[in-house]
Each structure stands twice: as C-alpha cells, then as structure tokens.
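These notes concern the structure reproduced below.
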Amino acid sequence: MYWVTPRHLAGDDGDLAERIGDALVGLGWRTWPTSRNTLLYVSPDGLRGAEWILAAYPFEVGGLPVAWQLSARPHVGSALTEWNAYFTVGIPHEALADLLVAIDAREAPDVGFEGPESVLTALSAQGWLRDADRPRTTATDLGFSCTVSLELLPPLVQDADPRPDLVGWQSWAEPVLGAPYLWCASFSASIPHDLVAAFASSLASPVPVPRRSLPKCAEGRLTVVHRS
C-alpha cells in the first residue's frame with residue numbers, strides 16, 4: 001500500500017464504483033439496477049441521485065468515458081433535474097465522496113447563495129494559483145497538472161437552464177502536457193458553487209491518500225509519503 005500526494009494525480013485505484021457505492025450506502029441512499037445496466041442510487045428524500053453509468057457508456061468528457069453522474073431536482077415530482085455533474089474514470093474517489101457528503105447535507109441541493117469566488121477561495125486556501133489571465137475563473141495546482149475553471153459546457157452536459165453558451169465548472173488532470181487526461185469532471189451551469197467548492201477543497205487537500213497501484217501517466221509527479 002502506498003500513501004501518496006498530490007491527491008489529484010493519485011487516480012482511482014480501480015475502485016471507483018465500489019468506493020463511491022459504499023459511501024452512498026453509508027449515507028442511507030437506496031440503490032437498484034436499471035434496464036441500461038447502470039446502478040442508480042437515490043437519497044432518502046428523493047431529491048438527489050447518483051448513477052454509475054460506465055456500462056452504458058453514454059458519452060465521453062476529455063476523451064474519457066463518464067463513470068458517475070450526479071444530479072439534483074427541486075422537488076420529488078419534478079421529471080427534470082436542476083443540475084448534473086459528470087465524472088470520468090481515474091478521478092480520486094476521495095474528492096467525489098466528499099462532494100456527495102456535501103450534497104447529502106444540503107436541505108435544498110438545487111439552491112445556492114454563494115458565487116463562483118467560493119470555488120477559487122477554496123483552492124487558494126490549499127495553495128493553488130489563480131490563472132494570471134483569468135484570475136476570477138481559473139485556478140491551477142503548483143505543479144500545473146490539474147485545473148479547475150469556469151468554461152463553456154461540453155456537448156451533452158445537461159442543465160435545467162436551456163440557454164445556449166452556458167458556462168459551468170470544469171476540472172481535469174493532465175500529468176504530462178499534451179498527453180491524455182488522467183480524469184475529467186464536468187459540472188452543469190446550475191449547480192450551487194459551494195458544492196463545487198467542497199469538491200475543489202477535497203481535490204486540493206495535501207493529506208496523503210492510500211493506493212494499491214499508481215497511474216503510470218503520473219510517474220515522477222507523485223510523492224510516496226509512506227509504504228505499508
């Protein structure tokens with residue numbers, strides 16, 4: 001077992017489905033398989049959802065297949081979700097689990113009062129750098145291998161707001177410049193900024209994380225703090 005930093009380059013240890021599934025069960029969310037060979041989890045109040053959709057392979061973000069889709073709706077009777085968030089394989093499960101805890105704790109998961117500055121403040125508190133050209137929308141880790149940024153929504157990202165040219169928080173890890181991404185995350189435009197801030201704060205945490213195996217594309221960028 002390795003204990004490594006930084007978290008954003010540690011990968012998912014091939015355990016993304018199990019770790020997040022266990023976290024959701026621990027929160028009391030119900031689960032059942034769907035006809036699309038996906039696994040759907042729903043919060044006790046019916047307002048929050050998480051779906052393991054890798055088997056359905058609905059689309060890609062950054063050239064990687066989407067593995068988890070999170071969503072929230074304003075009330076149980078609503079057929080449409082207010083916002084969606086998508087996470088590819090390779091994402092560190094700690095950051096996704098912490099986001100789910102934040103979503104579960106919200107009385108109204110579709111309503112937020114904080115602005116985008118909350119996301120950048122969370123990253124700055126962990127030592128990340130604001131982009132010199134886009135200081136109000138973009139931050140990068142000290143190694144310039146991971147970015148969190150307000151960007152135009154990628155294709156197929158769904159949001160309750162139907163207007164074109166919407167922006168939403170996007171994040172990705174690129175251990176080697178120009179090489180394939182390690183993971184990508186895409187948040188639709190209507191997700192509350194404080195929820196993205198919870199994800200960003202966990203992603204940038206300096207606390208070492210345990211891994212049985214390390215992503216090859218991050219060799220030389222990871223620091224092994226301890227072996228057990």
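The values are calculated or read from the model by the stated rules, or taken from the named source; none is laboratory data. Bear in mind that the values here come from a model prediction, so they are computed numbers and not experimental data. No Cβ is skipped: glycine too gets one built from the backbone with ideal geometry, and neighbour counts run over all protein chains shown. Please note that ligands, DNA and RNA were not included when accessible areas were found on the heavy atoms of the full protein model with its side chains. Shrake-Rupley method; radii C 1.70, N 1.55, O 1.52, S 1.80 Å.
Looking at S186, S124, S205, S145, which is the one that is over 21 Å from G63 (Cα atoms), in contact (Cβ under 8 Å) with a residue 60 or more places away in the chain and of a type in the set (G, A, S)? First the steps, then the outcome.
Numbers: S186 fails: over 21 Å from G63 (Cα atoms); S124 fails: in contact (Cβ under 8 Å) with a residue 60 or more places away in the chain; S145 fails: over 21 Å from G63 (Cα atoms).
Criteria check complete, one pass: S205.
Within the stretch 92-109, the presence of a residue that is in contact with a Cys (Cβ under 7 Å, 6 or more places away or on another chain) and at pLDDT 95 or above is excluded.
Within the option set S118, S149, being in a strand (DSSP E or B), closer than 25 Å to L70 by Cα, polar (S, T, N, Q) and open to solvent by less than 40 Å² (accessible area, probe 1.4 Å) holds for one residue only, S149.
Of all the residues in the stretch 102-115, those that are open to solvent by 10 Å² or more (accessible area, probe 1.4 Å) and under 17 Å from A185 (Cα atoms) number 1.
Do we find a residue being open to solvent by 30 Å² or more (accessible area, probe 1.4 Å) and assigned to a strand (DSSP E or B) anywhere in the stretch 9-16? No, the stretch 9-16 contains no residue that is open to solvent by 30 Å² or more (accessible area, probe 1.4 Å) and assigned to a strand (DSSP E or B). Out of curiosity, is D194 of a type in the set (D, E), part of a helix (DSSP H, G or I), under 23 Å from T81 (Cβ atoms) and open to solvent by 40 Å² or more (accessible area, probe 1.4 Å)? It is true that D194 is of a type in the set (D, E), part of a helix (DSSP H, G or I), under 23 Å from T81 (Cβ atoms) and open to solvent by 40 Å² or more (accessible area, probe 1.4 Å). V176 passes every criterion in (1) modelled with pLDDT of 95 or more; (2) part of a loop (DSSP other than H, G, I, E, B); (3) touching a Ser or Thr at 6+ places or on another chain (Cβ under 9 Å) apart from (1).
Taking the stretch 70-115 as the range and being of a type in the set (D, E), over 19 Å from S43 (Cα atoms) and in a loop (DSSP other than H, G, I, E, B) as the test, only E114 passes. Taken together, the residues in the stretch 208-222 that are open to solvent by 80 Å² or more (accessible area, probe 1.4 Å) and hydroxyl-bearing (S, T, Y) amount to 0. Residues that are under 28 Å from L27 (Cα atoms), open to solvent by less than 20 Å² (accessible area, probe 1.4 Å), assigned to a strand (DSSP E or B) and hydrophobic (A, V, I, L, M, F, W, C) are absent from the stretch 126-146.
Please work out which residue is farthest from T88 (Cα to Cα), limiting yourself to the stretch 3-39 and to residues that are among the small types (G, A, S) and out of contact with any helix residue (DSSP H, G or I) (no Cβ under 6 Å at 6 or more places or on another chain).
Kept after step one, since they are among the small types (G, A, S), are these residues of the stretch 3-39: 10-11, 14, 17, 21, 23, 26, 28, 35.
Restricting the remaining residues to those that are out of contact with any helix residue (DSSP H, G or I) (no Cβ under 6 Å at 6 or more places or on another chain) gives 10-11, 14, 17, 21, 26, 28, 35.
Working: A10: 14, G11: 11, G14: 12, A17: 11, G21: 15, G26: 22, G28: 24, S35: 21 Å.
Top of the filtered list is G28.
Cβ separations smaller than 6 Å between residues 6+ apart or across chains give the following pairs from the stretch 17-40 residues that are modelled with pLDDT of 95 or more to residues that are polar (S, T, N, Q): W29/S43; L40/T34. In the stretch 41-60, of all residues being modelled with pLDDT of 95 or more and either of a type in the set (K, R) or surrounded by fewer than 14 Cβ atoms within 10 Å (Cβ to Cβ) (or both), the one that is nearest to Q170 (Cα to Cα) corresponds to R48. For the stretch 143-160, the criterion of a residue being in contact with a Cys (Cβ under 8 Å, 6 or more places away or on another chain) and β-branched (V, I, T) is satisfied by no position.
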